[in-house]
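In what follows, a structure is listed as structure tokens, so that the remarks can point back to it.
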Amino acid sequence: MGRTDNDTTIQELKELVDTFSKDRNWQRHHNPKNLSMSIVVEAAELMEHYQWERDGQPNQQEVADELSDIIFNCLMFAVGQDIDIASSFKSKYKRLLKKYPVTIFNKDNDSLKDYDRIKKAYRKGTP
């Protein structure tokens with residue numbers, strides 16, 4: 001378990017959480033609704049570490065643990081829904097490149113007006 005991001009695959013992580021769940025017979029609880037709600041709950045727990053933080057940084061290990069809880073639930077969701085994370089991510093990334101072009105969003109221009117305009121058009125179904 002001493003491996004890092006550099007030498008661990010997404011599939012290995014998916015297998016870990018799947019085995020963990022099966023060993024505890026938790027699959028019966030892991031429907032899409034429950035897992036999606038768990039992702040949000042864990043995200044809220046991560047946000048709590050920053051809610052009133054002003055002068056310092058929250059405990060790094062606690063933050064890492066909360067992020068791991070989010071990832072755990074995301075992986076469980078992917079396993080249960082048979083989602084190939086890498087393929088899905090790359091596909092979404094390609095769409096994000098088109099949606100937020102570097103010609104508009106770059107170091108010289110980070111206008112919230114552009115973001116709002118694109119977001120509104122996206123929600124209406126127009127690019």
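The values are calculated or read from the model by the stated rules, or taken from the named source; none is laboratory data. What you see is a predicted model; the values in this text were computed from it and never measured. Because the Cβ atoms are built from the backbone with ideal geometry, glycine has one as well, and the counts that use them run over all protein chains shown.
Could you list, in sequence order, the residues of the stretch 72-92 that are of a type in the set (Gly, Ala, Ser) and free of Cβ contacts under 8 Å to residues at least 40 places away in the same chain? Steps first, please.
If we filter the stretch 72-92 for residues that are of a type in the set (Gly, Ala, Ser), which is where we start, we get 78, 80, 86-88, 91.
Answer for the stretch 72-92, where residues must be of a type in the set (Gly, Ala, Ser) and free of Cβ contacts under 8 Å to residues at least 40 places away in the same chain: Ser87, Ser88, Ser91.
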Report task. Restricting attention to the stretch 14-30, report how many residues are under 14 Å from Ala78 (Cβ atoms) and not in a helix (DSSP H, G or I). Result -> 1
Query raised in the report: Are there any pairs with C-beta distances below 9 angstrom linking a residue in the stretch 11-33 that is without any contact (Cβ under 8 Å) to a residue 60 or more places away in the chain to a residue that is assigned to a helix (DSSP H, G or I) and loosely packed, with under 14 Cβ neighbours inside 10 Å, with the two at least 6 apart or on different chains, and if so which?
Result: Gln11/Ala86; Ser21/Gln27; Ser21/His29; Trp26/Phe20
Query raised in the report: Is one or more of the residues making up the stretch 58-71 touching a residue at least 40 places away in the same chain (Cβ under 8 Å), surrounded by 13 or more Cβ atoms within 10 Å (Cβ to Cβ) and in a helix (DSSP H, G or I)?
Result: yes
Report summary line: Within the stretch 39-98, residues over 29 Å from Lys119 (Cβ atoms) and hydrophobic (A, V, I, L, M, F, W, C) come out as Ala64, Phe72, Met76, Val79
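Any chance the stretch 39-47 includes a residue that's touching a His at 6+ places or on another chain (Cβ under 8 Å) and surrounded by 10 or more Cβ atoms within 10 Å (Cβ to Cβ)? Give the steps one after another, and end with the answer.
Applying the first criterion (touching a His at 6+ places or on another chain (Cβ under 8 Å)) to the stretch 39-47 yields none.
Checked against the condition, which is being touching a His at 6+ places or on another chain (Cβ under 8 Å) and surrounded by 10 or more Cβ atoms within 10 Å (Cβ to Cβ), the stretch 39-47 yields no hits at all.
Among residues belonging to the stretch 73-127 that are acidic (Asp, Glu) and in a helix (DSSP H, G or I), point out the one that is modelled with the highest pLDDT. Show your work before the answer.
Start the filter on the stretch 73-127 by keeping residues that are acidic (Asp, Glu), which leaves 82, 84, 108, 110, 114, 116.
Narrowing the set further to residues that are in a helix (DSSP H, G or I) leaves 114, 116.
On the way: Asp114: 84, Asp116: 88.
Ranking the candidates gives Asp116 first.
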